[in-house]
Structures are given as structure tokens and as C-alpha cells.
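Take a look at the structure set out below.
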Ligand SMILES: N[C@@H](CCC[C@H](N)C(=O)O)C(=O)O
């Protein structure tokens, strides 16, 4: 199988193109190939497939073998892959996802290669049961949650995949490894959850660290950055356009008042190609 190793701000993927559909056993394949010691190593495997509704379909399997509905960093990588590898000759590309419908991507090209992409990530879902959480409310903002005697407060946002955003004093030095997995699997989140720990430094700049569902601590999470900006606006902490700074670098996020959609801009890179 031919693959291309790519990343968006260090959130890394094994990208596979050319299959007609998601291969049987994709979950076991992802577990095996994502292993950083015995195989290629990545946060997930991304399949670029044909679509009847868009230019391409993207399916993403996390490193634990679970399938995610959506992935912000992967969608930028997919856009770069299809443009740079000449599968499409357009700078506006549509990509079908299983959780967030068809998304429009505008790529910026330098010397024939995509350097950054601005993605229309769609409207955030805020209804508690739809995120999903166990809270039956139109919005779940600054809501209490307890894990092993430790109290947190979270805001729940789905960007096609589920997120809970928790504000902490210093996200950069927060103990992700202790609290991330416990919150990911908390019974208030029926499909598990991606956990973002955020510190708002100003109305246009937020530090964020992420514990991803199915992948653990990653260097960046595009949907997580979008969820964090939405949460910060809902909590009155941020403007609607801000930089979300992750361990692997910065994403620029806009939540448009005009159309209620979230736009994410950031880089994508190809690292190497191989055959496994
Ligand atoms: N890294 C991603 C999100 C990948 C999926 C996530 N782990 C999930 O299970 O929802 C991003 O950049 O958005």
C-alpha cells in the first residue's frame, strides 16, 4: 500500500489515496500503522476516497482504531494532497466528511504547492444531547463536571465531532496525561469526547492543549481549536476572530456572525512518501 506522511501543525497522518472505499479492517490497519515504535507512527490514518457529493470524501481512523466524524488538520492535509498530486486543478475544493457534511476549502498556493488552507468548518452544534453529552439543554456552557473528586467546568461544542472545552490557569503546563483520559471517557459523554484545556490570554489570542478522543495528546487539533473559539465567544472571553495557539503552532479561527459558520486557516505539510 502506498502512503504519504503528512501533518497539520504536528498532528500527523498516514494519508492513503486510490482506494474505492474504506478498506475492510481499516481499524486494525490504523492501530498497526500508527504505532510509533513498531511501524510508521501517526495520530491517524486518512483515506481519500471518491465522493458522489463533493470532489473527494475523507475518512479518518484514529490511532486506537475508532473512526472520527471529522478532522480539521486532516482536511487541510487532504486538500494539499489532492492539489499537489494533481488530482484536482482548482483552488476551491469540496470534501465530504461523515460527520460535518461537505466542506469547502480554499487553498493558498506558492510555487505550485499548497501552503495554507482556509476551511469552512460549518456551523457549530451546541445542543447538549446532540454534541453528544447527557445534558438536555440548548447550550452547555460553563457546566460542572467532577472526576475523581476534582471539579472542572466545561463548555460542549460539536464541530461534527464532540469537544468539551475547559478553562484552566495555564493550559501550556497543564497535566494533560492525568485528566485528559479521565474526561475523555467520562459517563457524561456517551460517544467519548475530545478535551481542550484553554487559557485565554487576550480577546484575540488563546493558548490551548488537547487530549484527543482515540489518539491521546496530539500537537494540534483543528476541530478543537474551532470548538475553543466558539466556547470562548459563548463565555464572553473572546472576539469572534482569534488565534488559537497549540503545541504545534497557531491556527486562525473565525466564527462568522453573518452565517454562523466557523472558518479555520492554517498550514499543511507533506513529510515523505512510502510503501508498506
Ligand atoms: N485532530 C483532529 C481531530 C481528529 C479526530 C478526533 N480524535 C475525534 O475522535 O473526534 C482535528 O484536527 O480536528
So which residues in the stretch 40-52 are part of a loop (DSSP other than H, G, I, E, B) and touching a residue at least 12 places away in the same chain (Cβ under 8 Å), if there are any at all? 40, 41, 42, 43, 50, 51
Hey, can you tell me all the residues within the stretch 208-217 that are crowded, with 24+ Cβ neighbours inside 10 Å and more than 6 Å from the ligand (Cβ to nearest atom)? 208, 209, 210, 211
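Take the residues in the stretch 218-240 that are away from the ligand (no atom under 16 Å from the Cβ) and not in a helix (DSSP H, G or I), then tell me which one is surrounded by the fewest Cβ atoms within 10 Å (Cβ to Cβ).
By that ranking, first place goes to 236.
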Report whether or not residue 36 is part of a strand (DSSP E or B) and either under 26 Å from residue 246 (Cα atoms) or out of contact with any helix residue (DSSP H, G or I) (no Cβ under 7 Å at 6 or more places or on another chain) (or both). no
The condition of being within 16 Å of the ligand (Cβ to nearest atom) and modelled with pLDDT under 95 holds, among 44, 122, 99, only for 99
Looking only at the stretch 178-192, decide whether some residue is touching a helix residue (DSSP H, G or I) at 6+ places or on another chain (Cβ under 7 Å) and modelled with pLDDT of 95 or more. yes
Subset of the stretch 159-203 [in a loop (DSSP other than H, G, I, E, B) and within 16 Å of the ligand (Cβ to nearest atom)]: 159, 160, 161, 185, 186, 189, 190, 191, 192, 193
Report yes if residue 134 is more than 12 Å from the ligand (Cβ to nearest atom), modelled with pLDDT of 95 or more and over 19 Å from residue 48 (Cβ atoms), otherwise no. yes
Expected single match for over 12 Å from the mean Cα position of the chain (by Cα), part of a strand (DSSP E or B) and free of Cβ contacts under 8 Å to residues at least 40 places away in the same chain among 265, 243 is 243
Output the residue which, of all residues in the stretch 64-77 that are at negative phi and more than 13 Å from the chain's Cα centre (by Cα), is farthest from the ligand (Cβ to nearest atom). 64
Residue match in the stretch 150-158 (condition: part of a loop (DSSP other than H, G, I, E, B) and modelled with pLDDT of 95 or more): no
Pairing a residue in the stretch 218-238 that is assigned by TED's automatic domain parsing to the domain that holds residue 250 with any residue that is in a loop (DSSP other than H, G, I, E, B) and near the ligand (Cβ under 8 Å from one of its atoms), where Cβ atoms lie under 6 Å and the two sit 6 or more apart in sequence or on different chains, gives 218/43; 223/70; 223/159; 223/161; 226/159; 227/159
Picking from 98, 141, 61, the residue that is farther than 20 Å from residue 266 by Cβ, assigned to a loop (DSSP other than H, G, I, E, B) and under 15 Å from the mean Cα position of the chain (by Cα) would be 98
Among the residues of the stretch 118-141, count how many are out of contact with any helix residue (DSSP H, G or I) (no Cβ under 7 Å at 6 or more places or on another chain) and farther than 19 Å from residue 195 by Cα. 7
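The values are calculated or read from the model by the stated rules, or taken from the named source; none is laboratory data. It should be emphasised that the depicted structure is a prediction, and the values quoted were computed from it without experimental measurement. Note that each Cβ is placed from the backbone with ideal geometry, even for glycine, and that neighbours are counted across all protein chains shown.
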